Structures are given as C-alpha cells and as structure tokens.
Amino acid sequence: MRTLRPPRAALAALPICLLALTLAGCWDLRELEHMFYVHAVGVDFSGGKYRLYVQIIDFSALGKHEGGGPEPQETGGSWVGLGIGGSIQEALQDLYLTSQRRFYWGHLNSVVLSESVLKQGIETSIGVLGRYQEFRYTHWLFGTREPIGDVLLASPVLEFSPVYSQLGDPVDTYRQSSIIRPRRMFQLIADMNEKGRTALLPLISLERNRWADTKKRYAAITIRDAVILKDGKWHAVMTDEQLLGKRWLESKTERAHLYLKRKGRTEAVLVFRHPKSDISWRDEGGRIRFDLRLSLRAVIIELSAGLTLDEIIRRAEEKIRNEVRNTYLEGIRRQADVLNLLESVYRNDLKLYRKITAGGRFPLDEASLRDIDVKVTIASTGKTKDSFRVR
C-alpha cells in the first residue's frame, strides 16, 4: 500500500506559516484619529510655577481648507491646552490629566519661550523637551513678551490652520520681506556654541489692529525684534530697525527693501536679493580693526521723484553704509558682536582670537569697524518705463 506524501510546495510553505504565528500584529497601535497632534509648545514661568501651553491641530479643518471646504468658525482649526507645575515635566503631567486623548509629539513644529523662561536659560526648557524621542531639532524657536496663550490662539487670516501662520511657516513671509531671519533650533544651538558668533532669537509680537473682517478684528502674529542670547540666557533686545544693517551681511537675505526718503517723503524703493559681503581685519597692537566690502544688486520697484540713476546709487550706498554702522554700534552698546565680525578672526587666527578674548573680555569698541565699502548695481529699473503717466 502506497503512502501519500504531501506536495513539495506545501512542505516548503509550512515553516513560513509557522513563523507567521509568531509575528506581532498591529493591535497595540493607536488609531490616528484617536490622538492629539501637538503643533506648537509655549513655556512660561510666573508665580514660581511653570506654565506649559500646547497647541493642538485639527487636521480635519486643515484637510477641508486644502480641499476647498469651509473652515470651522469657532476654533480656527486649533485648540490650546495649559498645564501648571513646579517643573516643566510636572506641568506636562498636569496637562495630561485634563487631556481627553493621547498626545503625539511627532508633528511638533514650533517652540515659544517667554522672557522669564529665557532669563533662566534656554536649557531649562529645551533640555527637558529634548529628552523625548519624538522631539527633533528642526523646530522653529521663538521668544515673546506677549501672553503665550494669546500667541497660540491667534487665528491666521481667513481662519486658515495655524500651520499657515508665521508661527508655523515663518520662511514664507521672510521671502517677501527679509529683516530678522527665523531660526531653527539646531541653527540657534550652533550660534550659541560657535566661537565668534552671537545668537539672536526672533521675538514674536501680536498686531491687534491690522487685520479685520466684517465682524471683528484679528490679532496677527509678526516677528518684530530679536533678543541677544549670552550663555543661553536673555541678554538684551534689539528692535527690527536697529537690526536693519545685519541683513546686508547675510547671503540668505531673500528680499530686502530700501526706502530712499527726503523730508519724510519716499522718493524711491529698491529691492535687494542675496547680498555679497567680505570681512577683512588687521591686528594693530592687540586692537582688531575691521573693514567691510558689500556688493549688492538692486531692482527699482518705485520711483516717485525725478532722481537720476547715479543719485539713486549714491543715496542707496550711503543709507546701507549707515544701517550697517548703526547696527554695529547698537550691538557694541549691548556688548555684543551682532555682525559676527569676530568669527573671521576665530577661523583664521585662533591664537589671536584667544588672546583678545582672554578672561571673557569683549574686544570690540566703536572704532573697531573702520571702512564700510558699499557697491550697489542697478540690475533693473522695473517692469516698464513710464508705464503710467498723465499728460
């Protein structure tokens, strides 16, 4: 009597089937719609307690906007929660107690720190948050003097999701008007740790009287000023006007406007992109003297007076020169090298850099910056010439 043997294919498949029984399933994973997705975090310190704010994104509202559907009218696509405690971790646990769902931190985009927290040191907050595996160093980092709850509740124009605000995407508006460059966390950490560099943290403000619809006015987020960080702590504030000269030394400046005025009246407006700069220095008996050379190309976008091209160039070069020197002097008054002039010394002559900064001494004074050579070239005078004129 012959014994029936199973086919070879069945014998080969048997080990695979047995191994499949040992595989873990997805039963322990959370469903996407059953979690809160944190978009922004704010940290404040008052009354001896930490206040941790989280901004939760409503992705259904985001999807409706991108799909052309209506936006929610009450929340603007986000919610803000608050936790209070003697430490940041304690405040976070306090927040968890009132949360109706589990938090997911993988979509965290921005971190906002108050003045009181920054005066304690940025490591107080970032060091704690950075312990989470879901926490990345690509988040946008801001400071603020405004109530953090108001900042996170500010609804973007047309009530889009906060993903589209300056808090969620500051680069979008920086490409149209470049004054204070937004900083990601890893960039700010590099500025704080690199010798010869000064860390500038953008400050968020709220403009409450600029945007409105037929029903009410809306508070709009704007990046106005910046705080100088020394040893990771709040040192001093510089306004956007005091920082105008810094943009001319940053090659990543996307679009910088220059207004030529006379007696309060704007006569011409020029736009510059990606300026080129060169820093040279000389050691004069232990005193460092710097010279700057700037090369810029401009487009004339407004001209309301009968100015010649030579006059426009001359006045533009003079104003840029004044802006750079004013920014430098404002930094010197705060014992800060805002233009990062000392970085070139550090990278090219480390021995000299250590000598002039020995004992934590600040080696710059008002005379350290000598010549500022500015060369402006007009690349275009606009779309058309005399495109509209009443005769």
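The values are calculated or read from the model by the stated rules, or taken from the named source; none is laboratory data. Remember, it's a predicted structure, so these values are computed and weren't measured experimentally. We place every Cβ from the backbone using ideal geometry, glycine too, and count neighbours over all the protein chains shown.
Brief remarks follow.
- Complete set of residues in the range 336-375 that are farther than 20 Å from residue 326 by Cβ and of a type in the set (Val, Ile, Thr): 345, 356, 357
- Unique residue being under 22 Å from residue 238 (Cα atoms) and exposed (fewer than 14 other Cβ atoms within 10 Å of the Cβ) when the list is 333, 354, 287, 321: 333
- Check on residue 237, free of Cβ contacts under 8 Å to residues at least 60 places away in the same chain, more than 23 Å from residue 169 (Cβ to Cβ) and either among the hydrophobic types (A, V, I, L, M, F, W, C) or touching a helix residue (DSSP H, G or I) at 6+ places or on another chain (Cβ under 9 Å) (or both): yes
- Being closer than 27 Å to residue 342 by Cα, among the charged types (D, E, K, R) and assigned by TED's automatic domain parsing to the domain that holds residue 153 holds for only one residue in 208, 217, 175, 224, and it is 224.
- Filtered by the rule that a residue be buried (at least 20 other Cβ atoms within 10 Å of the Cβ) and either touching a Gly at 6+ places or on another chain (Cβ under 6 Å) or of a type in the set (Phe, Trp, Tyr) (or both), the range 130-151 gives 140, 142, 148.
Table: residues versus (1) surrounded by 17 or more Cβ atoms within 10 Å (Cβ to Cβ); (2) over 30 Å from residue 155 (Cα atoms).
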position: 207; (1), (2): no, no
position: 214; (1), (2): no, no
position: 221; (1), (2): yes, no
position: 229; (1), (2): yes, no
position: 244; (1), (2): yes, no
position: 262; (1), (2): no, yes
position: 282; (1), (2): no, yes
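- In the range 290-318, of all residues being of a type in the set (D, E, K, R) and in contact with a strand residue (DSSP E or B) (Cβ under 6 Å, 6 or more places away or on another chain), the one that is surrounded by the most Cβ atoms within 10 Å (Cβ to Cβ) corresponds to 315.
- Residue in the range 235-242 that is modelled with pLDDT of 95 or more and buried (at least 21 other Cβ atoms within 10 Å of the Cβ) present: yes
- Qualifying residue in the range 141-154 (condition: among the polar types (S, T, N, Q), modelled with pLDDT of 85 or more, under 16 Å from residue 205 (Cβ atoms) and in the same structural domain as residue 213 (by TED's automatic domain parsing)): yes
- Any chance residue 359 is over 24 Å from residue 267 (Cα atoms), part of a helix (DSSP H, G or I) and modelled with pLDDT under 95: yes
- Residue that is modelled with pLDDT under 95 and under 18 Å from residue 110 (Cα atoms), where the choices are 42, 77, 69: 77
- Those residues of the range 247-279 which are among the hydroxyl-bearing types (Ser, Thr, Tyr) and touching a residue at least 24 places away in the same chain (Cβ under 8 Å), in sequence order: 251, 253, 266, 277
- For residue 294, the criteria (1) more than 30 Å from residue 145 (Cβ to Cβ); (2) out of contact with any helix residue (DSSP H, G or I) (no Cβ under 6 Å at 6 or more places or on another chain) hold in every case but one, which is (2).
- Subset of the range 166-187 (residues that are of a type in the set (Lys, Arg) and either part of a strand (DSSP E or B) or within 11 Å of the chain's Cα centre (by Cα) (or both)): 181, 183, 184
- Residues that are of a type in the set (A, V, I, L, M) and without any contact (Cβ under 8 Å) to a residue 60 or more places away in the chain within the range 319-342 comprise 329, 332, listed in sequence order.
- Note on the range 81-106: residues that are closer than 27 Å to residue 227 by Cβ and crowded, with 16+ Cβ neighbours inside 10 Å amount to 9.
- Among residues of the range 74-86 that are more than 20 Å from residue 44 (Cα to Cα), none has a Cβ under 8 angstrom from a residue that is small (Gly, Ala, Ser) and modelled with pLDDT of 95 or more at a sequence gap of 6+ or on a separate chain.
- Screening 315, 321, 347, 370 for residues that are under 29 Å from the mean Cα position of the chain (by Cα) and either of a type in the set (Ser, Thr, Tyr) or at pLDDT 95 or above (or both) leaves exactly one candidate, 321.
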